[in-house]
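The values are calculated or read from the model by the stated rules, or taken from the named source; none is laboratory data. Just so it is clear, the model here is predicted, and its values are computed rather than measured. All Cβ positions, even for glycine, are placed from backbone atoms using ideal geometry, and neighbour counts span all protein chains on display. Note: accessible area is taken over every heavy atom of the protein model, side chains too, but ligands, DNA and RNA are not part of it. Shrake-Rupley method; radii C 1.70, N 1.55, O 1.52, S 1.80 Å.
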Amino acid sequence: MKILLVFDFDNTIIDDNSDTWIVQCAPDQKLPIELKNSYQKGFWTEFMDRVFKYLGDEGVREDEMKRTMTSIPFSPGMMELFNFIRKNKDKFDCIIISDSNSVFIDWILEATSFRDMFDRVFTNPAAFDSNGHLTVENYHAHSCDRCPKNLCKNVVLVEFIDKQLQQGVNYTRIVYIGDGGNDVCPVTFLKKNDVTMPRKGYTLQKTLSRMSWNCQPMDSSVVVWSSGVDIISHLQFLIKE
């Protein structure tokens, strides 16, 4: 049986936020104040759809957006981690669950030839319309009150594992690698054999630290990472067990 590796994307695989990085394409590399002020908490995807419309109206085209996206640096040690996983793919299944969008993730992974390493990518669907404007939609609807309206990563993870079980695929454990506030929900449902790997100094790690202080223990073990090399070390330990 394999280990399931679950990756976030922004500030985990890449070392920045793809949605805020794209603002470099805007005139003077900033958004109009009225557009910035239109954001409502929990409705980030709707906000980004308006940002993409603004960029399109300003004449920003697909090739410029793609060049900008593929210039985002990967997080430290992530290339080494991906090479390690590729050499040991018989031991791992890999999925991404991300609040970015399908166009950005495909561009970035295909530029480094690592797209085929991931068995599934779950994210907000995006596409260019007939006017050449990028559009993005919510991934799904859900009833979780802890997560943004467009994506509950725990719902996605549970549905994926259930479908895999129906096809006879069972995992020895889940290793969840992330950084952000929307990674809190899925990791709190992980079990005793699973591993949560929060990025050091980011929201997920800080939230889990507060939870432990408040006597809200996690069932999974918690291993903090700063570089993909730290993740390699723990995966090497797990596959030797």
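Below is a table of values for the structure above.
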quantity	calculated
Distance from the range 180-197 to the range 118-135 (C-alpha centre basis), Å	27 Å
Kirkwood hydrodynamic radius over Cα pairs of the range 1-107, then Stokes diffusion coefficient at 4 °C and 1.567 mPa s, in µm²/s	83 µm²/s
Under Karplus coefficients 6.51, -1.76 and 1.60, residue-wise ³J(HN,Hα) of the range 74-87 in Hz, glycine/proline x	7, 4, x, x, 6, 5, 5, 5, 5, 5, 4, 5, 4, 5
The chain, accessible surface, carbon-and-sulfur percent (1.4 angstrom probe)	49 percent
Under 5 Å, built H, 5+ apart or other chain: amide partners of Lys2	Thr172
Rough spin-label spacing in nm, given labels placed 7 Å along Cα→Cβ, for Lys192 and Tyr54	5.1 nm
Percent RCO, i.e. relative contact order, over the chain, from Cα pairs under 8 Å lying at least 6 residues apart	25 percent
Per residue, in Å², the accessible surface of the chain once ligands and nucleic acids are set aside, probe 1.4 Å	49 Å²
Karplus-derived HN-Hα couplings along the range 140-156 (A = 6.51, B = -1.76, C = 1.60, θ = phi - 60°), whole Hz, x at Gly and Pro	7, 10, 8, 10, 6, 8, 9, 10, x, 4, 8, 7, 10, 5, 5, 4, 4
Calculated from backbone phi, Karplus (6.51, -1.76, 1.60) coupling profile of the range 90-103 in Hz, x at Gly/Pro	5, 9, 9, 9, 10, 10, 10, 10, 9, 8, 7, 8, 5, 5
Stokes-Einstein diffusion coefficient of the chain, Kirkwood radius over Cα pairs, 37 °C, 0.692 mPa s, in µm²/s	175 µm²/s
Loop-located trypsin sites (Lys or Arg not before Pro) in the range 1-54, at most 13 other Cβ atoms within 10 Å (DSSP)	Lys30, Lys41
Amide proton proximity set for Ile14, modelled H, under 5 Å, gap of 5+	Ser75
